[in-house]
Each structure stands twice: as C-alpha cells, then as structure tokens.
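A quick write-up on the structure given underneath.
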Amino acid sequence: MKLAVVGICAWVYAVAISLSATERSAERPHLQRSSAESTATFRVAITIDDVPWHGAWPDDTTLARRTTQLQDALRRHRAPVAVFVNCRGNDPRVVRVVRQWERGGASIGNHTSGHRDLHRVPPDAWAAAVRDCDGTLRAALDRPVKFFRFPLLHQGATAKQRNIAKAVLQELGYQNAHVTIDNSDYLIAAPYRVAVERGDTAGVRAYGRLMLRHDLAAVRHFRTVSTESLGRQVSHILLLHANEMTADNLDELLGALSAEGARFISLDEALRDSAYRLEDRYSGAKGLSWLYRLQESRAGAPSPWEWDDSASAGIDTELARVLKRSGAGRAPD
Ligand SMILES: [Zn+2]
C-alpha cells in the first residue's frame, strides 16, 4: 500500500464519520469496538522499517532518545522486534543506532543502502545497495544478518527484477521478511512531525489518534483477509516505521493490540508459519501484503487491495480535516 490514490469509497466515509463521533466522545478511540469484532487471540511480530529514522534524521541525542522510547514501549509489552536498516554508506549514526537496537535485543535486517526501490533503479544498482548495506551491518554487528525487507515492499515488477532480487537474497543468505499487516500510516508521519516541531499539541494529539485508528483498522482488515484466504489466522507480521509518530504512540498501539487479542512473537517465529512458503501469485508493480500476494486474481472480482487504496484516501481526508480545524496550513508531502 505505497501508492497514494484518489477516490473514496462509501466504507471510508462511514468509518470516517463514526471515527469523528468516537473522537468527540472518547479519549481512547481504539477501545471503541464494533460488536462483531473478534477478540480471539492472534499472533503478530512487530517490525520497524527505516531505522535509523524515517524522514529527516534528528540530532544524535534525539535519535538515541527516540530509539530508547521505541524500545521502552516494546519492552513494556514484552514484544520482540525486528528492525530494518536503511544504510547510508559509512555514516556512523547508522552503526550507533543499529548497535543500540541490538543491545535491546532486536533482530536486525537489511533494507538496502539509500532505500533503493527495485522498481525504479537499474537491477545492478539495486543489488549493489543490498550488498553495501549487508557490509555495513556485518561490520557493525560482527556477524551476518539474515532478514531482508524490500523498500516499499516492491519485490519486482518484471521477471528480470524478481530474478535479480532472488539471486542477491540467496547469495547473502537472506530470508524475505514478508509483511501481512501493511498500512498507510507513513502518510501521517510528516504532518505529525511538523506539529511536534511547532509545539502544536492539538495537532500532535489528532494525528496520533488518526495513526492509532488507521493501524488498528489495518490489523482488523488483515485478520479478516487471513481468515478468508487461509481459513485461519496466519502468524502476522506488522509493518511500522521508526519516526516521531510511532515513538510517541507505540505504547498505546501495543496496548490496544493486546486488548484485541494480540500475542507478540518474534519475526523468526512468525516466518516459520507455512503460509510464508506458499506460492507468490503476484508479479505487478504494487507493494503488497503477503496475504494479497497469495490470492489468485479473479476476472471481474474487485482487486484484493481495494481496502488499502480506500484507507489511504481516508487518511488524506482525515488529514485535510485536522489541518482545516487546526488552521496550521498545508502539511508537507
Ligand atoms: Zn522503508
């Protein structure tokens, strides 16, 4: 779910309206559940992309403090984590933050150097970016790493791209860290950051709530997709990003997930689920949840990722509403 789209379905309007009502009436909107919602337990691995930082990197002290904030939230909920590193040559900040995560018990994964998009750069340049980050991480940790996360979840729009990706991952001994619970909360991160910098507490609060609502809606959606496509709950893998918004709201998000039945497991454990060894049926240009990639396309059927697109559009609508109310002007892209 990495492409902004236009067009808003009725479902999103319905959710937006009910969420607005919820926001007026409750401080903890994620606790407002529909009666039909399942509270059965499900297993989920937490993963955080774009370490050291998603967006503009803060100064060293802030980067260490924000990383600690994320780690503290995970520890409070006894949630193992895997983080995916966007390397940047020999930048010492990458090494410092990677080591901080490792000291806290995180699994470390490669996310390329320079966040290279397999669909946009020549395959050789993409492969070089994977190897470069591999070298950085091996040097920082003094051991190989085993997980890889495709930037934008782009796994190859052409056979050539897919083949080179497969070969490089094999060469370096990587396991593809699939995602089942994808989301578009990264769209909220930039306006959140601006609100933090401006000291706009109402904006920070509104954007934080929007993130929680959206991420919880994504969890509920993909639990449903799992049941529909596999007949059971897969060991889920949730994608988050290392940014101010996640740092400030992770504690509440994990608490809300626990309240909905989440049991936190490691990425290693999640990937042992046999669903991750099923055939990948998708070969297009989108970055998609693994659950969508398993689905056969059916002529005339709605695209399986319709929810993603409408949820993204719903975020755009909500962002505009918050901005209008706060009068803070347009958020940066
Ligand atoms: Zn990323």
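No value in this document is a laboratory result; all are computed from the given coordinates. Keep in mind that what you see is a predicted model, and the values were worked out from it rather than measured. All Cβ positions, even for glycine, are placed from backbone atoms using ideal geometry, and neighbour counts span all protein chains on display.
Taking θ as phi - 60° and the Karplus parameters 6.51, -1.76 and 1.60, the scalar couplings of the stretch 311-323 work out to 5, 4, 5, x, 5, 4, 4, 5, 4, 4, 5, 5, 4 Hz in sequence order, x denoting glycine and proline. Shown for Val98, Val204: other C-beta atoms within 10 Å of each C-beta, ranked fewest to most, produce the order Val204, Val98. Within the shell of other residues whose beta carbon sits under 13 angstrom from the beta carbon of Arg78, the net charge comes to +1, with Lys and Arg scored +1 and Asp and Glu -1.
A convex hull fitted around the alpha carbon atoms of the stretch 144-202 yields 130 Å³ per residue. The alpha-carbon atoms of the stretch 65-207 define a convex hull whose volume equals 137 cubic angstrom per residue. Among Ser283, Ser226, sorting on how many other beta-carbon atoms sit within 10 Å of each Cβ, with the fewest leading, yields Ser283, Ser226.
Backbone N atoms of the stretch 94-110 closer than 15 Å to the 7 Å Cα→Cβ label point of Asp268 belong to residues 102-109. For a test of the definition: using alpha carbon positions, the gyration tensor, and the 1.5 limit on a/c, classify the stretch 154-303 as rounded, prolate or oblate. Since a/c reaches 1.5 and a/b is larger than b/c, the shape of the stretch 154-303 is classed as prolate. For the stretch 110-186, the direction-averaged projected area of the alpha-carbon convex hull comes to 5.4 nm². Put in line by how crowded their Cβ is, counting other Cβ atoms within 10 Å and starting with the fewest, Val130, Val322 read Val322, Val130. Here the extension length gained between Arg281 and Asp59 equals 75.6 nm, from 0.36 nm per residue of separation less the Cα-Cα distance.
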